[in-house]
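Peer 1: First the structure, which I've put down as structure tokens, then a few questions once you've had a look.
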Amino acid sequence: MKKTQFLFILSFLFFTSSLIASTTTVKGNASQFKGKELELFTYSDYITSKKLDLGFTSIKSNGAFNFNFEASEVKKVYLKIEDKITSFFVKPGEVYNLNLSYSDEMNKGRIYDKQLSLNFSFPVPTELNQQIGKFNRNFDSFIAKNRALFEKRNHSIEVKLKAFQIKMLKEFEKVNAHFITDYINYSIASTETSLDVSYKKTDIKKGNNIKAKLYLSYLDKKPVLYTNPEYITFFKSFFRGEFKTLSLTVEGFDISKAINDNASYTDLLKALSKYPFLENDEFKNLFMLNGLLEVSRSKYFTKKNIIRILNEVKATSKYPNHKVIAANIIDKMTKRKFGIGSTAPGFELKNKDNESISLNSFKGKPVYINFWTNWSIPSQKEMKIMQLLYKKYKGKIEFISICADNDFIKMTTFLSKNEAYNWSFLHVGKDKTILSNYSVATFPTYVLIDEDLKVVRFPAGRPGGNTERATEANIDKDIYELINQ
């Protein structure tokens with residue numbers, strides 16, 4: 001066998017073996033949340049930020065929890081309990097022992113982004129999360145110390161920022177981990193894009209932060225780091241609006257033509273190839289995908305043609321990550337827009353007797369839907385007022401309460417303690433698609449639909465909302481008008 005052939009096979013085997021999934025374990029203690037549900041998830045890609053569930057579990061009576069899942073590369077994962085969340089990085093095949101807790105004091109003033117406190121049971125200074133945490137603390141301190149210069153856009157901050165970057169890279173070089181080096185570089189790169197960025201040649205003489213300089217420093221002839229969130233954050237920020245800007249110029253007419261006239265993936269790549277910053281094929285394809293996502297709702301581009309191009313990428317791309325991104329963009333584009341006047345997304349969910357109930361079975365009467373959880377105190381309080389509405393409008397309007405707790409038993413246990421709540425209760429099930437379909441961001445969430453299953457109010461008024469929250473819709477009034485129109 002020739003030496004070149006041997007080296008090729010050896011490198012191929014090394015590459016493929018590095019992508020083989022290994023079982024990764026996340027376990028630990030969250031005694032503050034005994035009996036609560038714990039969710040583990042990540043994002044399938046950082047361009048579209050599509051959520052990918054990795055598992056659910058209930059925290060045991062002794063506070064213990066455990067997850068096992070397959071991972072093939074370093075990935076940022078998220079742990080969520082009720083409306084509280086935290087994140088960290090995992091490596092394939094590693095075991096992570098964690099302690100989770102929550103502080104009301106530390107979360108004072110937070111409404112939607114409550115943070116869990118995460119501590120590693122056996123922290124090793126050279127471990128990735130410890131290194132990232134150390135850098136983040138240093139970076140936060142640097143920014144706080146130089147806040148005045150940042151706010152004034154004083155160009156002396158560039159020199160300080162570069163000196164800080166060199167210092168950090170030197171300090172962390174002994175770790176010998178490319179991920180942390182890249183994390184440092186692209187965290188700083190994102191900060192640089194927030195400074196004055198310009199194409200004007202006159203700025204070069206002033207020593208200003210030139211966009212071309214950033215490109216050469218961080219993107220030119222550099223590998224695409226799909227799983228490093230700081231890289232993708234910088235990439236999206238750096239090229240924000242660039243695809244559309246190029247396509248609307250005279251020189252970029254062939255870009256819009258490739259989409260609107262030809263619906264051609266090949267023609268679009270050819271049109272983009274003339275730009276010097278898109279010489280690398282993989283980089284050019286990623287730029288194209290990010291650009292198509294940005295213009296997917298633009299009136300200047302034909303939606304069905306964008307989807308046609310994305311379907312071709314999904315089917316034929318030689319880059320596996322691009323197939324995933326294309327599929328996720330298609331999902332975003334084809335997802336039915338939810339709001340007043342739209343048809344309520346259909347569903348088929350289990351009731352307390354484990355019978356499948358569809359939304360379509362309620363057609364013919366208006367429907368008042370609420371999404372709730374056992375851990376949401378407002379959900380519990382407003383259920384009592386909902387009971388009064390149910391008694392008042394029983395037979396004239398249907399009431400559906402959809403439990404979003406992961407554990408089916410939590411719904412049935414709740415109902416066994418509240419036998420007076422005898423309207424329709426359904427469980428969200430394992431597939432949480434219904435929550436995104438109904439744009440549920442917090443609990444409780446209410447929706448009012450008419451007898452043809454068209455959305456009349458979203459978000460609809462909450463039971464008693466007009467009494468306690470005078471600025472909200474009066475659901476009693478809305479229901480009355482709907483059944484008497």
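Peer 1: Across region 136-171, what is the number of residues that are closer than 14 Å to Ala189 by Cβ, in contact (Cβ under 8 Å) with a residue 24 or more places away in the chain and hydrophobic (A, V, I, L, M, F, W, C)?
Peer 2: Summing the residues that are closer than 14 Å to Ala189 by Cβ, in contact (Cβ under 8 Å) with a residue 24 or more places away in the chain and hydrophobic (A, V, I, L, M, F, W, C) in region 136-171 gives 4.
Peer 1: Right, another one. Mind checking which helices (runs of 4 or more DSSP H) fall wholly inside region 258-356 and carry at least 1 residues that are farther than 30 Å from Val428 by Cβ and more than 23 Å from the chain's Cα centre (by Cα)? Lay out the reasoning, then the answer.
Peer 2: Numbers: elements: 265-272, 281-294, 303-316, 320-334.
Qualifying helices (runs of 4 or more DSSP H): 265-272, 281-294, 303-316.
Peer 1: I've got another one for you. Go through (1) at pLDDT 90 or above; (2) part of a loop (DSSP other than H, G, I, E, B); (3) within 28 Å of the chain's Cα centre (by Cα); (4) not acidic (Asp, Glu) for Val124 and report which single condition fails.
Peer 2: (3)
Peer 1: When you check Lys381 against the structure, is it among the basic types (Lys, Arg) and either at pLDDT below 95 or at positive phi (or both), yes or no? I'd like the intermediate steps shown before the answer.
Peer 2: Details: among the basic types (Lys, Arg): yes; either at pLDDT below 95 or at positive phi (or both): yes.
Considered against the rule, which asks whether it is among the basic types (Lys, Arg) and either at pLDDT below 95 or at positive phi (or both), Lys381 comes out as yes.
Peer 1: Evaluate region 438-458: report whether one residue or more is modelled with pLDDT of 90 or more, of a type in the set (Gly, Ala, Ser) and buried (at least 17 other Cβ atoms within 10 Å of the Cβ).
Peer 2: So far as region 438-458 goes, no, none of its residues is modelled with pLDDT of 90 or more, of a type in the set (Gly, Ala, Ser) and buried (at least 17 other Cβ atoms within 10 Å of the Cβ).
Peer 1: Something else about it: Looking only at residues in region 1-55 that are modelled with pLDDT of 95 or more and among the β-branched types (Val, Ile, Thr), which one is surrounded by the fewest Cβ atoms within 10 Å (Cβ to Cβ)?
Peer 2: Thr23
Peer 1: I'd like to know if region 151-164 contains one or more residues that are surrounded by 13 or more Cβ atoms within 10 Å (Cβ to Cβ), touching a helix residue (DSSP H, G or I) at 6+ places or on another chain (Cβ under 6 Å) and modelled with pLDDT under 95.
Peer 2: Scanning region 151-164 turns up at least one residue that is surrounded by 13 or more Cβ atoms within 10 Å (Cβ to Cβ), touching a helix residue (DSSP H, G or I) at 6+ places or on another chain (Cβ under 6 Å) and modelled with pLDDT under 95.
Peer 1: Do you know which residues across region 312-339 are hydrophobic (A, V, I, L, M, F, W, C) and under 25 Å from Cys403 (Cβ atoms)? Spell out how you get there, then give the answer.
Peer 2: Of all residues in region 312-339, those hydrophobic (A, V, I, L, M, F, W, C) come to 313, 315, 324-327, 329-330, 333, 338.
Phe338 - this is the single residue of region 312-339 that is hydrophobic (A, V, I, L, M, F, W, C) and under 25 Å from Cys403 (Cβ atoms).
Peer 1: If Phe65 satisfies every condition in (1) touching a strand residue (DSSP E or B) at 6+ places or on another chain (Cβ under 7 Å); (2) within 15 Å of Asn321 (Cα to Cα); (3) buried (at least 18 other Cβ atoms within 10 Å of the Cβ); (4) of a type outside the set (Val, Ile, Thr) but one, which is the exception?
Peer 2: So the condition that Phe65 fails would be (2).
Peer 1: Going through Asn328, Asn311 one at a time, which residue ends up being surrounded by 14 or more Cβ atoms within 10 Å (Cβ to Cβ), touching a residue at least 24 places away in the same chain (Cβ under 8 Å) and over 30 Å from Phe362 (Cα atoms)?
Peer 2: Asn328
Peer 1: Would you point out which residue out of Tyr78, Tyr112 is surrounded by 12 or more Cβ atoms within 10 Å (Cβ to Cβ) and either free of Cβ contacts under 8 Å to residues at least 40 places away in the same chain or among the hydroxyl-bearing types (Ser, Thr, Tyr) (or both)? Steps first, answer last, please.
Peer 2: Details: Tyr112 fails: surrounded by 12 or more Cβ atoms within 10 Å (Cβ to Cβ).
Being surrounded by 12 or more Cβ atoms within 10 Å (Cβ to Cβ) and either free of Cβ contacts under 8 Å to residues at least 40 places away in the same chain or among the hydroxyl-bearing types (Ser, Thr, Tyr) (or both) holds for just one of Tyr78, Tyr112, which is Tyr78.
The values are calculated or read from the model by the stated rules, or taken from the named source; none is laboratory data. The model shown is predicted, which means the values in this text are computed figures rather than measured ones. Heads up, the Cβs are rebuilt from the backbone with ideal geometry, glycines too, and the neighbour counts pull from every protein chain shown.
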